[in-house]
2 protein chains.
Amino acid sequence: MDMVKKARKVPEKILLGPGPTPVESRILRAMAEPTLGHLDRDFISLMDETRDLLRFVFQTKNDLTVAMSGTGSAGMETACVNMIERGDKVIVCAHGVFGTRMQDVAERCGAEVVQVNAPMGKPVDPEDVRKALKVHPDAKLLGIVHAETSTGVLQPLEEIASMVHGAGMFMVVDAVTSLGGMDVPVDRLGLDMVYSGSQKCLACPPGLAPVTVGPKAVEHIKGRKTKVQSWYLDLTMIMRYWGQERFYHHTAPVNMVYGLNEGLRVIAEEGLQERFVRHRKNASALWAGLEALGLELLVEPAYRLPSLTSVKMPEGVDEAAVRRRLMDEYSIEVGSGLGDLKGKIIRIGLMGSGSNRKNIVLFLSALGEILSGEGFRNDVGTALSAALKVLEKE
Amino acid sequence: MDMVKKARKVPEKILLGPGPTPVESRILRAMAEPTLGHLDRDFISLMDETRDLLRFVFQTKNDLTVAMSGTGSAGMETACVNMIERGDKVIVCAHGVFGTRMQDVAERCGAEVVQVNAPMGKPVDPEDVRKALKVHPDAKLLGIVHAETSTGVLQPLEEIASMVHGAGMFMVVDAVTSLGGMDVPVDRLGLDMVYSGSQKCLACPPGLAPVTVGPKAVEHIKGRKTKVQSWYLDLTMIMRYWGQERFYHHTAPVNMVYGLNEGLRVIAEEGLQERFVRHRKNASALWAGLEALGLELLVEPAYRLPSLTSVKMPEGVDEAAVRRRLMDEYSIEVGSGLGDLKGKIIRIGLMGSGSNRKNIVLFLSALGEILSGEGFRNDVGTALSAALKVLEKE
């Protein structure tokens, strides 16, 4: 075949979009370790170790803590198909594309979905949740996105978790863009099911969805009247593979687990709190720099994600052209807006090893230089000073 | 954390089980290439190339040919959730664990499943299919496993495909353990949906499920009255990501796609027919050697898979002990029996680069030596001669 005469082209790029994020070479090398059988004893001890490391980043003692064999969206679907039976009423909050997606997934599970929505760029108002809980005391669970990847909004969870539990419901949380980059205190808040993706703040290649399930949710799943509609994501079987029994379910993506294992080791070596502080500090520096460039951030300070920043493009600036030049001239990938924000914002991820001084300085300089070409007033020197001032603060 | 002080243990093993199979180091190295964004133009051209290579191994011109972001079982679920709507009647054949699994998956999609079964170790009888088609002319599709991984049975497809199409139904085929190791003539037989897994004869790490869908099945899916129950596996959206539009659906497992791309290049370099001949010849040599050792094969010659061989363990021999010694003393992995065959057979895979003379000779010698310790009559020299005689035949 002619096509195989051409070498595969995989250039190095700087991934500052909403994910995947830069993957350290030690993690990439781990992916290239020899494939083991999915029931091999050495692979099983690697799974055990990986599960313990996942418990560490989820800050949980949950027995049922696994990496599902799919990307973050498979984590979302895992939560919905296992927790929901046809005809169940559920409350799903949405303040962006991923909350809306969760409403869609829940409906496909046959749920009657009560929506609690907020405009893109704002978090969901706990008062709206309170009202919904009052009107729908028969709902089984509330689903909510912790870190909305489409907007960069951080959704505070504590008050809502307390209300949801007070109403006797389960709390399901999407932590795709938060886990490993900011506090996701699963046990402290008693979150019943939390899922994430390997390619955001965990800084591994995409392909695995870490999931943790609290003991009450496990009982709920075990007590289902009907089979889980997805065989592939059925936790009643998957818990027997990741548990003592090692019951064969499907063939785990062995080399992806090596990568996740190495990525989690990177996090354990750094320390969770240290990692949160680093993400927070670097994001603050980026915000200061963007504002010093004269740009406006989409989200107000109290609700900004340390992992992902949405910045508005000034009137008259073609954001697609800006992104194209960032890629062509600097090999920098950033994200476009999704849904209603398409064409209006760019999304900048500083996650995992990508959250560092070098990337902030390079990105601000590149963006400033490109915008000046677009006739937009700005001063790169001022932006860098503002960013570095934050970084040098104790 | 204490656990990260210990080095990760990933020893080299010889994978002669039902999968995963040995992965060439060039494929492992491809997995370690830098992660690109899932909407990056260089990744998109890699996807295009990978899709063309998949069409080559599927022997199809089908536009909708993709790698689903999950293992082979996700491929099975993809076929069922997309082709079936609640209340549909479908016919699903089973001659082993994977056919039975397809019946389960189809039921979870809300289908009324008509079973056409055969005992483990035999293929499904086309006459039984003919009867089922006659009694159930209102069925929408027939699902069948081409290469039954639990038994090593090859299911002939031609006659059944012709009957199914004659009845105006769709033909869905599980080619998990056949694609890339034997003829899967998708277009010649007009198979409407065929899925596979990356970790069998494609000889890549597990984690992707190649799927190809014929034009009539695409129309059928586009004309659904209800949404696909799985958001994650919904081809109506995934075809927009793999197609011209590049519509964002979920984050593809980028590095897994590198591995698949390299694995498909390996196949294209060897040539499909050459690869089929090699698998067939090496399997024949293994069969001759096993029989010369005095062992009985589960499947009669006409229905044996070139990729996977099931051999009965003699009365009084503890098959678990045999497998343990193969692993402990030779680092060889083989598979146990599943379901009713548990404890009765071992399954030997010769797939991809693992299908070679060295593995046949090593495996027969190791097995012969272990069985002699179990008091079983056998002569390793005779077995090797029988195997080599086949290999040296033109």
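Here are the numbers:
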| quantity | calculated |
| --- | --- |
| Among the residues listed as B:Ala139, B:Ala175, the single one being crowded, with 19+ Cβ neighbours inside 10 Å and either within 29 Å of B:Lys312 (Cβ to Cβ) or of a type outside the set (Gly, Ala, Ser) (or both) | B:Ala175 |
| Some residue of the stretch B:110-132 being closer than 22 Å to B:Val228 by Cα, at pLDDT 95 or above, within 12 Å of another protein chain (Cβ to nearest Cβ) and surrounded by fewer than 24 Cβ atoms within 10 Å (Cβ to Cβ) | yes |
| Unmet criterion (only one of (1) at pLDDT below 95; (2) surrounded by 20 or more Cβ atoms within 10 Å (Cβ to Cβ)) for A:Ala7 | (2) |
| Residue count, the stretch A:310-321 (criterion: surrounded by 20 or more Cβ atoms within 10 Å (Cβ to Cβ), touching a residue at least 40 places away in the same chain (Cβ under 8 Å) and either of a type in the set (Val, Ile, Thr) or assigned to a helix (DSSP H, G or I) (or both)) | 0 |
| Residues of the stretch B:177-192 that turn out to be part of a loop (DSSP other than H, G, I, E, B) and without any contact (Cβ under 8 Å) to a residue 40 or more places away in the chain, as a count | 2 |
| Hits in the stretch A:52-62 - residues which are at the interface with chain B (Cβ under 9 Å from one of its Cβ atoms) and closer than 29 Å to A:Arg347 by Cβ | A:Leu53, A:Phe56 |
| Selected residue (criterion: surrounded by the most Cβ atoms within 10 Å (Cβ to Cβ)) from residues of the stretch B:343-361 that are farther than 21 Å from B:Lys200 by Cβ and not β-branched (Val, Ile, Thr) | B:Lys344 |
| Residues of the stretch B:136-157 satisfying the condition of being within 18 Å of the chain's Cα centre (by Cα) and either charged (D, E, K, R) or modelled with pLDDT under 95 (or both) | B:Glu148 |
| Any hit, the stretch A:319-331, residues being more than 20 Å from A:Ile360 (Cα to Cα), assigned by TED's automatic domain parsing to the domain that holds A:Ile348 and touching a Pro at 6+ places or on another chain (Cβ under 7 Å) | no |
| Pick from the stretch A:205-224, criterion away from chain B (no Cβ under 14 Å) and in a loop (DSSP other than H, G, I, E, B), ranking: surrounded by the fewest Cβ atoms within 10 Å (Cβ to Cβ) | A:Gly223 |
| Verdict on A:Lys358 being of a type in the set (D, E, K, R), within 16 Å of A:Gly17 (Cα to Cα), modelled with pLDDT of 95 or more and in contact with a Lys or Arg (Cβ under 7 Å, 6 or more places away or on another chain) | no |
| Flag for A:Val66 being of a type outside the set (S, T, N, Q), more than 7 Å from chain B (Cβ to nearest Cβ) and buried (at least 22 other Cβ atoms within 10 Å of the Cβ) | yes |
| Flag if B:Arg278 is within 18 Å of the chain's Cα centre (by Cα), surrounded by fewer than 24 Cβ atoms within 10 Å (Cβ to Cβ) and not assigned by TED's automatic domain parsing to the domain that holds B:Ala111 | yes |
| Any hit, the stretch B:92-108, residues being of a type in the set (Gly, Ala, Ser), touching a helix residue (DSSP H, G or I) at 6+ places or on another chain (Cβ under 7 Å), in the same structural domain as B:Gly214 (by TED's automatic domain parsing) and in a helix (DSSP H, G or I) | yes |
| Output for the stretch A:242-271, where each listed residue is of a type in the set (A, V, I, L, M, F, W, C), surrounded by fewer than 22 Cβ atoms within 10 Å (Cβ to Cβ) and farther than 14 Å from B:Val4 by Cα | A:Phe247 |
| Cβ pairs under 7 Å, 6+ apart, first in the stretch A:362-391 and crowded, with 18+ Cβ neighbours inside 10 Å, second at pLDDT 95 or above and aromatic (Phe, Trp, Tyr) | A:Ala366/A:Tyr330 |
| Some residue of the stretch A:257-267 being part of a helix (DSSP H, G or I), within 19 Å of B:Pro206 (Cα to Cα), more than 7 Å from every other protein chain (Cβ to nearest Cβ) and without any contact (Cβ under 8 Å) to a residue 40 or more places away in the chain | no |
| Failed item in (1) at the interface with another protein chain (Cβ under 9 Å from one of its Cβ atoms); (2) under 18 Å from the mean Cα position of the chain (by Cα); (3) surrounded by 24 or more Cβ atoms within 10 Å (Cβ to Cβ), with B:Val92 passing the rest | (1) |
| Leading residue by the ranking (surrounded by the fewest Cβ atoms within 10 Å (Cβ to Cβ)) among those in the stretch B:10-26 that are out of contact with any Phe, Trp or Tyr (no Cβ under 9 Å at 6 or more places or on another chain) and not in a loop (DSSP other than H, G, I, E, B) | B:Ser25 |
| Among the candidates B:Glu12, B:Glu24, B:Glu49, residue that is more than 7 Å from chain A (Cβ to nearest Cβ) and more than 20 Å from A:Ser331 (Cβ to Cβ) | B:Glu24 |
| Count of the stretch B:31-44 residues which are in a helix (DSSP H, G or I) and either touching a His at 6+ places or on another chain (Cβ under 7 Å) or facing chain A (nearest Cβ under 7 Å) (or both) | 2 |
| Cβ pairs under 7 Å, 6+ apart, first in the stretch B:242-254 and away from chain A (no Cβ under 11 Å), second among the acidic types (Asp, Glu) | none |
| Residue satisfying condition, being within 30 Å of A:Leu36 (Cα to Cα) and free of Cβ contacts under 8 Å to residues at least 12 places away in the same chain, within set B:Asp174, B:Asp104 | B:Asp104 |
| Matching residues in the stretch A:155-165 - criterion: being surrounded by fewer than 22 Cβ atoms within 10 Å (Cβ to Cβ) and touching a Phe, Trp or Tyr at 6+ places or on another chain (Cβ under 9 Å) | A:Pro156 |
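Table: residues versus (1) of a type in the set (Gly, Ala, Ser); (2) more than 15 Å from B:Gln155 (Cβ to Cβ).
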residue: B:Leu36; (1), (2): no, yes
residue: B:Glu49; (1), (2): no, yes
residue: B:Phe58; (1), (2): no, yes
residue: B:Gly70; (1), (2): yes, yes
residue: B:Lys89; (1), (2): no, yes
residue: B:Cys93; (1), (2): no, no
residue: B:Lys122; (1), (2): no, no
residue: B:Pro137; (1), (2): no, yes
residue: B:Lys140; (1), (2): no, yes
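The values are calculated or read from the model by the stated rules, or taken from the named source; none is laboratory data. Keep in mind that this is a model prediction, so the values were computed, not measured. Note that we place each Cβ from the backbone using ideal geometry, even for glycine, and neighbour counts take in every protein chain shown.
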